[in-house]
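Below you'll find the structure, written out as structure tokens, and then a few comments.
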Amino acid sequence: MVKVRDLGLGFNSDEIVLFKYCSGSCHRARSNYDLTLGSLLRQQLITPGPQERILSHPCCRPTRYEAVSFMDVENTWQTVEKLSAAECSCIG
């Protein structure tokens with residue numbers, strides 16, 4: 001449960017909404033690509049740039065989203081599409 005104004009989307013509302021997110025490990029879903037990239041990174045045969053972060057495993061991400069509706073401080077209903085995770089899976 002989070003305040004709408006804490007979502008970082010610029011809405012001015014005192015309401016609290018349910019924000020569902022994905023988390024968890026995806027190490028069992030690693031492909032040959034992920035295993036090879038991990039090995040090359042450990043051997044320092046590939047080095048990320050100064051502002052770059054290379055991940056050698058799939059990430060748990062939303063595969064389906066839900067819209068969230070709330071009333072702003074001017075008593076107007078607002079709906080934000082694709083805000084909350086409805087389903088998650090290992091992506092990458």
Just the residues that are within 18 Å of the chain's Cα centre (by Cα), modelled with pLDDT under 90 and either polar (S, T, N, Q) or within 17 Å of Ser69 (Cβ to Cβ) (or both), please, taken from segment 1-49.
Ser25
Restricting attention to segment 52-67, report how many residues are open to solvent by 40 Å² or more (accessible area, probe 1.4 Å) and either closer than 17 Å to Gly24 by Cα or in contact with a strand residue (DSSP E or B) (Cβ under 9 Å, 6 or more places away or on another chain) (or both).
9
Given (1) of a type in the set (Ser, Thr, Tyr); (2) in contact (Cβ under 8 Å) with a residue 24 or more places away in the chain; (3) closer than 26 Å to Asp14 by Cβ, number of the condition Thr63 does not satisfy
(3)
Within segment 1-55, which residues are under 20 Å from Glu87 (Cα atoms), of a type in the set (A, V, I, L, M, F, W, C) and in a loop (DSSP other than H, G, I, E, B)?
Met1, Leu18, Phe19, Cys22, Cys26
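The values are calculated or read from the model by the stated rules, or taken from the named source; none is laboratory data. On a predicted model such as this, the values are computed, not experimentally measured, just so you know. For neighbour counting, all protein chains shown are included, and Cβ atoms are generated from backbone atoms with ideal geometry for every residue, glycine included. SASA here: full protein model, heavy atoms, side chains in, ligands and nucleic acids out. Shrake-Rupley method; radii C 1.70, N 1.55, O 1.52, S 1.80 Å.
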